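Working notes for the structure below.
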Amino acid sequence: AIIITHPSFGKLKMKEESIAPVRDAFLQELRDSLQDMEDDDAPRHKIKQMEKRIEQAEQRFANMVGGAGKDNVVTFEEMGVDFLFVDEAHQFRKLDFTTNRQAKGIDANGSIMAMDLYIKTLWLESQNKGRSHCFASGTPIVNTMGELYTIMRFFNEKQMEEDGIRYFDSWANMFGQMAQGMEMNAAGRYELVERF
């Protein structure tokens, strides 16, 4: 067994051919969402936000391939790792996804740490089907229900695709609902807020 800290694990570089399929699929999802927004004459600021998100995602994936702070001596694939046991896995709960929903309780922006672990688990799963990784956490859902969607993607994405719930909006229609409730705003007054 190799015991390694989360930051050191993130420095283990992946080969570009392992990153490329995930990168290409995610960027295509974002571009399709942008095209849908343009076709539906969405407000200009929303289109600008999506364009910025695409640029940020492109930069994030470029950094994953050969960015600063990565170990360029040996790649993750070359280390001979055949299983990951991830403690404090809630630190990887923010995996990027696309959605047309705009509500509290949904945050589609992910973290580099989560995307890095996701790509590594996909590669391991391709090598050891059903025996690639295990997560441990006392708090698997910290802030939003979107984090539950992320957990399902880490462990059962192929089944989600077969069931027609691979994308967040279809998953949310199946397992979630919008609810209204009173919440205190920054001014200390209560207001009616819709939350997933």
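The values are calculated or read from the model by the stated rules, or taken from the named source; none is laboratory data. Everything numeric here is computed off the predicted structure, so don't read it as measured data. Backbone-built Cβ (ideal geometry, glycine too); neighbour counts: all protein chains shown. For accessibility, only protein heavy atoms count, side chains too; no ligands or nucleic acids. Shrake-Rupley method; radii C 1.70, N 1.55, O 1.52, S 1.80 Å.
Observations, loosely collected:
- Output for the stretch 113-127, where each listed residue is aliphatic (A, V, I, L, M) and open to solvent by 20 Å² or more (accessible area, probe 1.4 Å): 113, 122
- Of all residues in the stretch 19-49 being acidic (Asp, Glu) and under 20 Å from residue 115 (Cβ atoms), the one that is least open to solvent (accessible area, probe 1.4 Å): 29
- Subset of the stretch 14-34 (residues that are more than 13 Å from residue 96 (Cα to Cα) and either acidic (Asp, Glu) or at pLDDT below 90 (or both)): 16, 17, 24, 32, 33, 34
- Only one entry of 124, 148, 95 meets the criterion of being aliphatic (A, V, I, L, M) and under 19 Å from residue 2 (Cα atoms), and that entry is 124.
- Long-range neighbours under 9 Å by Cβ, at least six apart or interchain, first residue touching a residue at least 12 places away in the same chain (Cβ under 8 Å) and of a type in the set (Asp, Glu) within the stretch 147-166, second surrounded by 12 or more Cβ atoms within 10 Å (Cβ to Cβ) and assigned to a helix (DSSP H, G or I): 147/90
- Taking helices (runs of 4 or more DSSP H) as the structural unit, those lying wholly within the stretch 98-187 and holding at least 3 residues that are within 25 Å of residue 19 (Cα to Cα) and not charged (D, E, K, R) correspond to 112-127, 146-162.
- Number of residues in the stretch 81-114 that are more than 16 Å from residue 168 (Cα to Cα) and within 15 Å of the chain's Cα centre (by Cα) equals 8.
- With respect to being open to solvent by less than 90 Å² (accessible area, probe 1.4 Å), modelled with pLDDT under 85 and of a type outside the set (Gly, Ala, Ser), residue 65 fits the description.
- Single match in 164, 110, 130 (criterion: open to solvent by less than 60 Å² (accessible area, probe 1.4 Å) and on the phi > 0 side of the Ramachandran plot): 164
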